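J.: The structure's right below; bear with me while I get my questions together.
What follows is calculated from the coordinates using simple rules that are stated; it is not laboratory data. Owing to the predicted nature of the structure, the values given are computational and were not obtained by experimental measurement. Here the Cβ is made from the backbone with ideal geometry for all residues, glycine too, and neighbour counts use every protein chain on show.
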Amino acid sequence: MTDPVLKINNLKKWYGNNKVFEDVCLEVYPKDVVSIIGSSGSGKTTLLRCIILLEEFQGGSIILDGNEVGYHIVNGKRKRYSEKVISSQRILTGIVFQSFNLFPHLTALKNVVLGLIKAKHIDKLEAEKIGIKWLERVGLGEKLHSYPSKLSGGEQQRVAIARAIAMNPKIILFDEVTSALDPELIGEVLNVIKQLAKDGATMLIVTHEMSFAYEVCNKVIFMDAGRIAAVGTPDEIFIEKKLPRLKEFLTTFNV
Amino acid sequence: MFRSLYNARIILRIGAMNTITVTFFAIIIGTTLGILFGFILCYGNKYIKFPFRLYVDIIRGIPGLVTIFSIYYILGFLLSRVGINLTNLESGIIALSAFSTAQVAEITRGALQSIPKSQIEAGKTIGLHFDKIFVFILFPQAIVQIIPPWINTATEMTKGSTLLSLIGVSELLLNAHQLVATNGRALMYYMFIGLIFFLINTLIQFLGKLLEKKVSF
Amino acid sequence: MIYYFSFRVIQNNIGDMINGLGLGLFIAVISLFFGIILGLIAAFAAVSSNRALNNIATWYTAFFRNTPLLVLIYIAYFGLPEVGIMMERNASFIFTLSFYAGAYMTEVFRAGLQAIPKGIIEAGQTIGLNRFHICWNIQLPIMFRYVLPSMSNYLISLFKDTSLAASITVPELTYFARKLNVETFRVFEAWLTAAFLYIVTCYLMAYLLRKLERKLRIEW
């Protein structure tokens with residue numbers, strides 16, 4: 001039994017007096033494609049942001065590739081690592097945002113290679129080879145030197161995917177990556193993700209696209225009001241729908 | 001240090017009076033004429049607009065100081081030929097007002113032009129003529145946009161009043177020169193004057209924020 | 001009322017006036033340059049999480065924007081020598097104008113920085129960039145292209161402000177215009193020429209800067 005790529009133990013987070021989530025436990029193994037579903041406000045996005053250390057959390061631990069990230073114990077007290085360490089821990093994970101967040105002043109290729117050159121200190125020519133490879137893989141080989149403003153939403157999101165995966169992370173997080181897209185553009189992005197799954201990438205996907213989740217993932221997590229309410233295979237979650245809460249949630253999607 | 005400032009208070013009081021007078025008139029005249037000019041620049045036909053456009057563009061294309069010197073010397077020359085002698089103070093007020101009028105005109109024009117034409121049409125459909133449309137519909141909306149830059153103009157006038165020291169108006173800065181000439185200690189006197197202006201302008205901006213709040217909807 | 005307008009007077013003095021104009025342009029450009037540097041430092045201080053830095057930046061901008069430029073000029077030229085800082089008049093004026101421009105630029109840059117969507121900064125963090133790289137490779141390029149129109153407009157405004165240098169006898173255009181007026185009483189020649197030169201220069205600057213902006217407007 002191999003070790004999990006990502007292991008979350010009893011994660012707790014509050015915003016002021018509001019509990020965002022509590023006692024969240026999760027394991028993702030290599031080549032797993034896990035989807036997280038749930039209504040808005042259930043904490044799914046915040047969970048992803050905690051994993052990639054964009055948010056703080058007050059309790060529990062996140063273990064990536066065997067090492068605990070984010071916080072360590074200093075003199076008996078729990079302290080967040082310095083920015084420098086956090087930076088190096090972040091690149092173990094890749095994330096694709098709902099609103100793409102491409103750098104508007106850089107071409108597609110430059111968007112993809114910036115992290116490789118500045119954070120991973122890869123030589124420029126080498127970095128460009130990697131960047132071109134991934135942009136071609138997502139179907140944008142013709143658009144290497146286009147600026148984001150000239151690309152459609154689906155194309156921008158695919159650049160964002162290439163940017164995340166070019167960094168060669170251990171796990172890639174997808175935060176509702178099709179929610180901001182026009183319907184006809186959703187397919188091209190989902191196809192890219194499908195292909196990545198086939199190629200063996202380890203992924204954690206927050207999505208509302210239920211049929212996609214059923215088709216591509218090998219594990220589905222249902223989050224409700226800050227807790228993990230159900231975990232199972234796609235069949236268990238979508239077909240059997242053991243929980244009433246889950247049933248209620250899924251009917252809004254006509255599943 | 002405070003002793004000499006205290007002793008200077010009499011001179012400074014005259015200076016303060018003049019600074020306030022000049023600024024006050026420049027703002028009042030500038031606002032009144034400026035709004036009028038702005039109205040013309042927004043709604044007038046191209047022949048009526050022309051002289052006003054020319055006026056505003058010239059004043060805004062030359063430095064304030066050049067406006068002040070030009071009006072002081074040229075107007076002074078012209079009027080002296082017909083026997084009218086303007087005091088420095090009067091020239092100063094005219095010059096500063098000319099400048100503020102041009103600024104307010106631009107601000108007003110911009111604000112009025114930004115109100116969608118549909119507002120005028122809506123007013124017409126409920127039977128109003130343009131004069132009432134302007135007073136009850138357009139101007140109240142324009143005022144909200146005019147106030148922030150207008151506060152800026154007011155602070156510009158306050159600061160601009162110091163330029164009048166260069167044409168001999170006995171306002172605060174000129175008085176400061178006189179004190180420095182007799183007592184030395186330039187740093188102290190100029191910083192003190194600077195502080196006064198800083199406080200006045202900060203006060204103006206504070207009042208401006210309050211005014212903004214009152215007028216917005 | 002007869003006034004003999006004399007072109008000869010203008011002819012004799014146009015050289016000086018144009019030299020003065022050139023000096024004014026030079027001063028404006030240099031002051032803008034230093035002002036941009038000061039403005040960048042203060043803008044980052046203003047948006048940083050350090051309270052003390054925020055306050056220093058706020059006081060800096062407030063002081064230089066609410067105090068009349070003429071007073072600032074005198075403080076620098078007449079006041080500073082009393083504490084040992086002496087500068088000749090051109091340098092003193094550039095010194096003052098630079099800090100003055102810096103205060104304005106601080107506001108411009110601060111607004112520009114705050115207009116950058118937070119998500120873009122986060123994206124930079126998620127690909128492992130450290131604070132310096134995010135600032136240099138992401139924030140600054142985006143911010144500069146955003147504030148370019150404001151900066152070029154401000155250069156024109158700064159150029160008009162150089163007329164105040166005449167108050168400490170820096171030999172720029174306004175100084176010569178006044179000198180001409182006072183020495184020859186040729187009121188119209190002096191001031192109409194000066195006004196004409198300023199207007200033409202300002203419009204020319206506006207035209208050229210607009211062209212420059214269009215050239216620099218990268219595809220995005």
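J.: Using Cα-only point scatterers and the Debye equation, what is log10 of I(q)/I(0) for chain B at each q in 0.19 Å⁻¹, rounded to two decimals?
T.: After summing over all Cα pairs, the log10 values are -1.32.
J.: Kindly rank A:139-145, C:32-38 from highest to lowest mean number of other beta carbons found within 10 Å of each residue.
T.: The densest-packed peptide leads the list: C:32-38, A:139-145.
J.: Out of all Cα-Cα pairs in region A:118-233, roughly what percent, to the nearest whole number, are more than 17 Å apart? Numbers along the way, then the final one.
T.: Details: 3974 of 6670 pairs.
So the portion of pairs separated by more than 17 Å is 60 percent.
J.: While we're here: What average number of partner chain Cβ atoms lie no more than 10 Å from the Cβ of the residues making up C:93-106?
T.: Mean number of neighbouring Cβ atoms from other chains: 0.
J.: List, in order, the whole-Hz ³J(HN,Hα) value for each residue of region B:174-180 obtained from phi through the Karplus relation with A = 6.51, B = -1.76, C = 1.60 and θ = phi - 60°; use x for Gly and Pro.
T.: Result, ordered by residue: 5, 4, 4, 4, 4, 5, 5 Hz.
J.: Using only Cα atoms, what Kirkwood radius does the protein assembly as shown have, in angstroms?
T.: Hydrodynamic radius (Kirkwood, Cα only) of the protein assembly as shown equals 30.2 Å.
J.: Helix B:139-160: angle to the longest alpha-carbon principal axis of chain B, degrees 0 to 90, nearest 10?
T.: Rounded to the nearest ten degrees, it is 20.
J.: Please build a GNM for chain B, connecting alpha carbons under 10 Å apart, and tell me which residue among B:68, B:94, B:126 fluctuates the most.
T.: Result for chain B, Cα springs under 10 Å: B:126 fluctuates most.
J.: Further, regarding this structure: Size of the dipole of chain C about the Cα centre, Lys and Arg at +1 and Asp and Glu at -1 on the beta carbon, nothing else charged, in debye to 20?
T.: On the way: 17 positive and 11 negative charges, 104 e Å.
Dipole size: approximately 500 debye.
J.: A further question on this structure: What is region C:14-216's relative contact order, in percent, from Cα pairs under 8 angstrom and six or more apart in sequence? Spell out each step's value before the answer.
T.: Values: 197 pairs, mean separation 60.3, N = 203.
Taking the mean separation of contacting Cα pairs over the length of region C:14-216, I get 30 percent.
J.: Another question, then. Any idea what angle helix C:51-66 forms with the longest principal axis of chain C, computed on alpha-carbon atoms, 0 to 90 degrees, nearest 10?
T.: 20 degrees
J.: In Å, what Rg and Dmax follow from the Cα atoms of region B:35-94?
T.: In Å, with Rg to one decimal and Dmax whole: 14.4, 39.
J.: Once you place label points 7 Å from the Cα toward the Cβ at residue C:47 and residue A:149, how far apart are they in nm?
T.: Distance between the two pseudo-spin positions: 1.9 nm.
J.: Send over the Kirkwood Rh of region B:83-199, from the inverse of the averaged 1/r over different Cα pairs, rounded to one decimal Å.
T.: Evaluated on region B:83-199, it is 17.5 Å.
J.: Once you charge only the Cβ atoms, +1 for Lys and Arg and -1 for Asp and Glu, what is the size of the charge dipole of chain A about its Cα centre, to the nearest 20 debye?
T.: 820 debye
J.: Need the C-alpha centroid separation for region B:186-217 versus region C:138-171, integer Å.
T.: Distance between centres, Cα-based: 24 Å.
J.: Would you kindly derive the ³J(HN,Hα) couplings of region C:117-130 from the backbone phi angles with the Karplus curve 6.51 cos²θ - 1.76 cosθ + 1.60 (θ = phi - 60°), listing them in order in whole Hz, with x for Gly and Pro?
T.: Going residue by residue, I get x, 4, x, 5, 4, 4, 4, x, 5, 6, 9, x, 6, 7 Hz, with x marking Gly and Pro.
J.: For peptide B:191-204, compute the average count of partner chain beta-carbon atoms within 10 Å of each residue's beta-carbon.
T.: Working: counts 5, 1, 6, 10, 3, 2, 5, 8, 2, 1, 5, 2, 1, 1.
Per residue, the average neighbour count from other chains is 4.
J.: Semi-axes of the equivalent ellipsoid for region C:99-163, please: Cα gyration tensor eigenvalues, times 5, square-rooted, ordered largest first, whole Å. List each step's numbers first, then the result.
T.: On the way: eigenvalues 176, 21, 15 Å².
The equivalent ellipsoid of region C:99-163 has semi-axes of 30, 10, 9 Å.
J.: Could you rank the peptides C:136-143, A:17-24 by their average count of other C-beta atoms within 10 Å per residue, with the highest value first?
T.: Values: C:136-143: 18.5, A:17-24: 15.4.
My ranking of the peptides, most packed first, is C:136-143, A:17-24.
J.: Find the Rg to Rh ratio for region C:14-216, where Rh is the Kirkwood radius over alpha-carbon pairs and Rg uses the same atoms.
T.: On the Cα set of region C:14-216, Rg over Rh gives 1.06.
J.: Okay, next question. For chain A, take N as its residue count and report Rg(C-alpha) divided by 2.2 N^0.38 Å. Walk me through the intermediate numbers first.
T.: Details: Rg = 18.4 Å, N = 255, 2.2 N^0.38 = 18.1 Å.
Taking N as the residue count of chain A, the ratio is 1.02.
J.: Could I ask something else about it? Excluding residue A:249 itself, calculate the net charge of residues whose Cβ lies under 15 Å from the Cβ of residue A:249, where each Lys or Arg counts +1 and each Asp or Glu counts -1.
T.: For residues surrounding residue A:249, the net value is +1.
J.: Then there is this: Tell me, C:174, C:201 in order of fewest to most beta-carbon neighbours within 10 Å?
T.: Arranged by neighbour count, lowest to highest, C:174, C:201 become C:201, C:174.
J.: Residues in region B:147-186 near a label at residue B:203, defined as backbone nitrogen under 18 Å from the 7 Å Cα→Cβ point?
T.: B:151-162, B:171-173
J.: Using the structure shown, list the pairs from A:120/C:211; A:124/A:219; A:13/A:110; A:13/A:247 with a Cα-Cα distance above 32 Å, or answer none. Mind dumping the intermediate values first?
T.: Details: A:120/C:211 40 Å; A:124/A:219 38 Å; A:13/A:110 36 Å; A:13/A:247 27 Å.
From the list (A:120/C:211; A:124/A:219; A:13/A:110; A:13/A:247), the Cα-Cα distance tops 32 Å for A:120/C:211; A:124/A:219; A:13/A:110.
J.: Karplus couplings for region B:67-80 from phi (6.51 cos²θ - 1.76 cosθ + 1.60, θ = phi - 60°), rounded to Hz, Gly and Pro as x?
T.: For region B:67-80, the Karplus-derived couplings read 4, 4, 4, 4, 5, 4, 6, 5, 5, x, 5, 4, 6, 5 Hz, x marking Gly and Pro.
J.: Also, I was wondering about something else. Between residue A:60 and residues 5 or more places away or on another chain, which pairs have amide H atoms under 5 Å apart, with H built 1.01 Å from N, and which residues are they?
T.: A:12
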